[in-house]
Every structure is written in structure tokens, then in C-alpha cells.
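Note sheet for the following structure.
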Amino acid sequence: MKRAHVMPFGAAVTSEGVHFRLWAPAAHRVEIGVGDVAQTAHWHALEAHADGWFARMLPEARHATRYRFRIDGKALVPDPASRYNPGDVHGASEVVDPARFDWDDGNWRGRPWREAIIYEMHIGTFTPGGTFADAIARLDYLADLGVTAVELLPVADFPGGRNWGYDGALLFAPDATYGEPDGLKSLVAAAHRRGLMVLLDVVYNHFGPEGNYLHLYAPQFFTDRRDTPWGAGINFDGANARPVRDFFIHNALYWLEEFHLDGLRLDAADAIVDDSAPDILTEIATAVQSGPGREREIHLVLENDHNEAWRLARDRDGRPRYYSAQWNDDFHHVVHHVLTGERDGYYVDYVDDSLQRLGRCLAEGFAYQGECSPWRDDAARGEPSAALPPTAFIAFLQNHDQIGNRACGERLHRLTSIEALRTAVAILLLAPSPPLIFMGEEFAAASPFQFFCDFEPGLAAAIVRGRREQLQRLAQFDNAQSVADVLDPTAESTFMRCKLDWLSLSRAPHAQWLAYYRRLLAIRRREIAPLIPDISADRRSFRVEHDRGLFVHWPLSGGHRLALAANLGGRHALDVPDEVQCGRILFATPGVGEHGPTMPAWSALFAIVDGGLRVA
């Protein structure tokens, strides 16, 4: 089986050679040099076409040919649509013929979204070797754990040898640190053979601060009308925006078609500002749905601080019109506050009425559905989401951001009690929303996950200063801790410290946590997943009792209910509701029912019950 995505730019292998095409509206002359070293490259002029396009067919070029563009006789730049840049973002690009890879994942058509159990993975720190090939060796472990989808942090070519991935400069090229493009394809095929979906995190709101040469010959890619937290905004709706929009639309289709991925997660979609109709997010979703989404299960996921419920709307058949789901930061933030008591930064939005907000997340999706956000200067945030199914909201207790943006990269098990975390994990993994697990979370990994990068020296120094200034404002620092002690994110030792220790799995407490996750995920597959299609779009409800008692129900067909009862802290036991006592218990944390029909502090149970729970 061969798979390739045809693009209007970049290097395309044909029977006549390789056809090169570049959009360079600010350039007067564009040449292409074949060869990795600029001084020995043989330069060929590209033919100028209308609207800033340059193109040329080179009969002598073929798969693995190295090449660069030269702009106006001066600047040497890689191909912005390079499929592979083995010499990093400043080096020559390499022609890739996707037809050379033989896919062996059979007639894989994906999995329905209701089965999604997501494992977020950073390729570089997931294994000691940190490559696509090394990750393949751990896929049997993930399948045995019980997850159904692997979500990769961005792999687009970034500067240096280590990065989270959100500083990508060449968005079509898998970073050479992880392996060749065929290595990523082999990882996807191997995952499919084990029944695992593969999702990829992509960044369409900015380019990284090093290695992006577009401003030299295509400044129309950017706009000075809008800024992002990471630099100039992308020009999605100004003059000459069509090639820019096509660049990102084809990027999405490229990953899905040429790499046979099962979905994409669009990073910080709220930072994409576009007044077009349809906007770029809608146009990407439409292109995917009308393209590869017609043939197999494709899932698009948003990170979107705006809580725009309309982007998650379903059609009459219950299929997503645009996006399958959104990362539900509300769920994370309120649970984190309940578990740790932290209230600085955005956690301030969840201090008041915490359990009410958590109950709303579980029953309706967003906690903020138009209410004013103190963290955002009392601006209204969100849209009503109660009509959406639970599958539209991805829940998590930890992820790369929520761990890595802490001063010391601590994982959650270091911030709360075993009993509290055990209860939260049960709620995460057995509630109907798709759960996301961050790599190592399932065995309480001892390694932190900290911010790391590898920029050129001047930029690296600025990153260190900025990072320490940012963290100094957080309440996580006590008076005895010096900001200067925060680990240098540009040091290789910081990156190495974040690698998972797989030898710890056989030792306490890691083995016990792993067994707990496996048990819960087995219950989810056996008991919860079959119920998800039957959950009614309305009449989901919750109530809070005695400040720490939370009771949620999800109505099912036939008059039954999936019910959650939880005691989230406090010193006193709570009574198990009568209707739950009469139901079929699917799972209960230790201590529930040991002294009569009561729930001790930090406990939870799930049950199938008849009728409804009493709603205050």
C-alpha cells in the first residue's frame, strides 16, 4: 500500500524528475541549489509565475537529493514545505518520495471516538533512545495498559536537538532527532497493527523563534495587526492570505494522508485570530471531513481557551460537524485545585464553588459557559455546552503543559495524598468523557517533566531569563527557594532528567499504580465504553452535599443511569445514596462500604442504577 499527499508547493517526485515550487512574493529571483554544501551546489534559476510563485523541474533530482533555495542571490533557506531536513532547520532540505514506503497496516479504518483512551507522549523523553523506533518497542506495553490512542507532542522540525515541539519551524518535516519520515510511518503502522490510533499535535498559531525564514521572502505569511504570546500572528484573513491558508490546510491533510494518522490536536486554537467566513479552523475541519474523513475515522481535537461549544456541534447522526472534542482545561483546573488547594494563576477561577464547577464539567462539559472569569479580568468566557455529548470533552489530570509549566515540573502524585489522587483517577478513567493520560502518569513516574529547549546561545540566554521571571510570579515558590535554582531549560541535563525510568515499573509504588490504572481501564472498556452511545443528550445532572459530596448521573436508554458518588475530602464519611446502594456497583475505591453504606473521605464509586438520582 502506497500513500502520498499531493501539495501545491514543496518538492514533488515525478517520472520526469523532481518538481520544486516555492511561494516567494517578496523575492525578485529564486534559485535552487542541489547539494548539501552551499559552496559546491549547482544553482538553477526557478521560473517566476503569477502571484509570487516560482517553480522548476530538475530531471537530475531524485529521492534523498539535498537542496536549498537562494533568495535574490543572497539568503540560503530551506524549503518551508520540506518533508525532511536532516541537518536541522538551518540546513538543506531533502527530497522524500513517499511512494517508497510500503504500508503494512492492512485495511485500518480507525476506531470510533467513543472508544478513545488517550496516552500523550513526547517522543524524545518517552524512551532512553528518544526515537520513533524506540517508541515502537513500547507499543505492546501501551496496548496492554488499555489505552486506544497515542497522542504525539509535535514532531515538526524544531531548532536544536531537544524541544517540546511547539517551536517548530518546518511544519512538514518530522524532526531528524527522532528519525527519518519513514520512522514515523513505521510507528503509525505498528500502532495500527496493535489496534492503537495515533494522533499528532500540530501548531498553527505561530512559528518557532529560530529557523523560520519565511519573513525574508514571504512576509505576507504574517500580520502586524495581531500578535500572539509567541510573536507575530499568522495572516489568515488579510491580503494574500490564500496561500497561507492553503499551507496549513495542506499540512493537516499531509499528516493525515501521507502518514495515515487518525487525527490531529490543534494547539492553542484560541490564539488563531481570523475574521474570515469560514475561518481557518472551520476550513481545515471541512477539508478533512470531505477528504480522508470520508473513508475512515478521523478525529480533530482542539485546545481552545474560548470554550466555543459550536465548534464541537454534532449533526443529526451524532457525528462531529467540525471537531470531535476539546481538551477540557476546566476539568483539570478544578480537580487540581480540589486536590492541592493551589489557587494562584488560572486556578483562581475555581476556588469558589469548586464541586459545583466539577459537577458541571462531568455532566455538561464546560465549567465556564458564559460566566465571568476572574482570571480574565471578569470577561465572559465560554458558551453553553450541556447539549453536547460527553465525548466532546477530553478530561485529564495531567498533561505536558500542566506539569511542564510548573517551576520544577512536579507530577501530581507529589502534590497530593495517595487517597485523593486514587479517587481523582477513578473519576477520570470511569466518567464517560474520553480520558487522557500523560506518559508515566500511570505508574507515578519519579521523573519530572520540565520545560526544555535547545536554541542558539543568544536566544537561549533570553529564554532562561524569561522563564525565571515568569516563574517568580507563581506562589509555588516559597521564601527559601531562589529563582536562580530553577533548572536551566536549555541544559541537556534538564532534558535527560525528564526521560521515563522504565526499570521502576517493578518497584513500589510504581507497580501498584500501574496495576490500578490497568484495572480501571479494563473496567472502562468492559462496562463504560458500551454505555457511551446510549447516554442521553439531556437530563444529565449533578448535586453537591455537605461541601464535599458530589453525585452525578448520566441517563441511559431503558431508564437506567450511570451514577457517580464521591466524597472529595473532609473528615467525615458520607452516606451512599439509597438509589446507588440498590444499583450494580462497577467500581469503588477502598473503604467504601466497610462500615455500613458509607463513603470515607476521598472515595468514589460508579454504579448502574434504575431511575434517577435526586437532584437538589
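Tell me the net charge near ALA461. Cut-off is 14 Å between Cβ atoms, ALA461 excluded, with +1 for each Lys or Arg and -1 for each Asp or Glu.
-2
Give me the net charge of ARG21's neighbourhood, meaning all other residues with Cβ under 13 Å from the Cβ of ARG21; Lys, Arg count +1, Asp, Glu -1.
That sum, taken over residues with Cβ under 13 Å, equals -3.
I need to check one value: relative contact order of the chain, counting alpha carbon pairs closer than 8 Å and at least 6 residues apart, in percent.
RCO, the chain: 10 percent.
Is region 38-88 rounded, prolate or oblate when judged by the Cα gyration tensor, a ≥ b ≥ c being the square roots of its eigenvalues, rounded requiring a/c under 1.5 and prolate requiring a/b larger than b/c?
The shape class here is rounded.
Within straight cross-link reach of LYS2, meaning Cα distance under 28 Å, which lysines are found once same-chain residues fewer than 8 apart are removed?
LYS185
Grab the DSSP H runs of the chain that are 4 residues or longer, score each as -39,500 (n - 2.57), total them, divide by all residues and round the 222 nm result to the nearest 500 deg cm²/dmol.
It lands at -6500 deg cm²/dmol.
Using DSSP to call loops (not H, G, I, E or B), can you name the GluC sites (Glu not before Pro) in region 1-96 whose Cβ has at most 14 other Cβ atoms within 10 angstrom?
GLU16, GLU60
Enumerate by residue number the trypsin sites (Lys or Arg not before Pro) in region 46-112 meeting two conditions: DSSP loop (anything except H, G, I, E, B), and at most 13 other Cβ atoms within 10 Å of the site's Cβ.
Details: sites: ARG56, ARG62, ARG66, ARG68, ARG70, LYS74, ARG83, ARG100, ARG109; in loops: ARG62, LYS74, ARG83, ARG109.
Here the trypsin sites (Lys or Arg not before Pro) that fit, given the DSSP loop and packing criteria, are ARG62, LYS74, ARG109.
Tell me the GluC sites (Glu not before Pro) within region 287-345 that lie in a loop according to DSSP and have at most 13 other beta-carbon atoms within 10 Å. All intermediate terms of the calculation are to be shown ahead of the outcome.
Numbers: sites: GLU295, GLU297, GLU303, GLU308, GLU342; in loops: GLU295, GLU297, GLU303, GLU308, GLU342.
Answer in residue order: GLU295.
Amide H of ALA313: which non-local residues (sequence gap of 5 or more, or other chain) have their own amide H closer than 5 Å, using H built in the peptide plane?
ARG321, TYR322, TYR323
Please give me the summed charge of the neighbours of HIS400: other residues whose Cβ is under 12 Å from its Cβ, Lys and Arg +1, Asp and Glu -1.
Once all neighbours under 12 Å are counted, the net charge is -4.
Any idea what the dipole of the chain comes to, in debye rounded to 20, about its Cα centre with Lys/Arg Cβ at +1 and Asp/Glu Cβ at -1? Before the final figure, lay out each step's value.
Numbers: 61 positive and 82 negative charges, 231 e Å.
Rounded to the nearest 20 debye, it is 1120 debye.
Once you keep just the Cα pairs under 8 angstrom separated by 6 or more residues, what percentage relative contact order results for region 536-610? Please report the intermediate quantities before stating the final value.
On the way: 160 pairs, mean separation 22.8, N = 75.
So the answer I get is 30 percent.
Taking a ≥ b ≥ c as the square roots of the eigenvalues of the Cα gyration tensor of region 10-100, is the shape rounded (a/c under 1.5), prolate (a/b larger than b/c) or oblate?
Oblate is the answer for region 10-100, as a/c is 1.5 or above yet b/c matches or exceeds a/b.
No lab work stands behind these numbers, since they all come straight from the coordinates. The shown structure was predicted, so the numbers you read here are calculated from the model rather than taken from an experiment. Backbone-built Cβ (ideal geometry, glycine too); neighbour counts: all protein chains shown.
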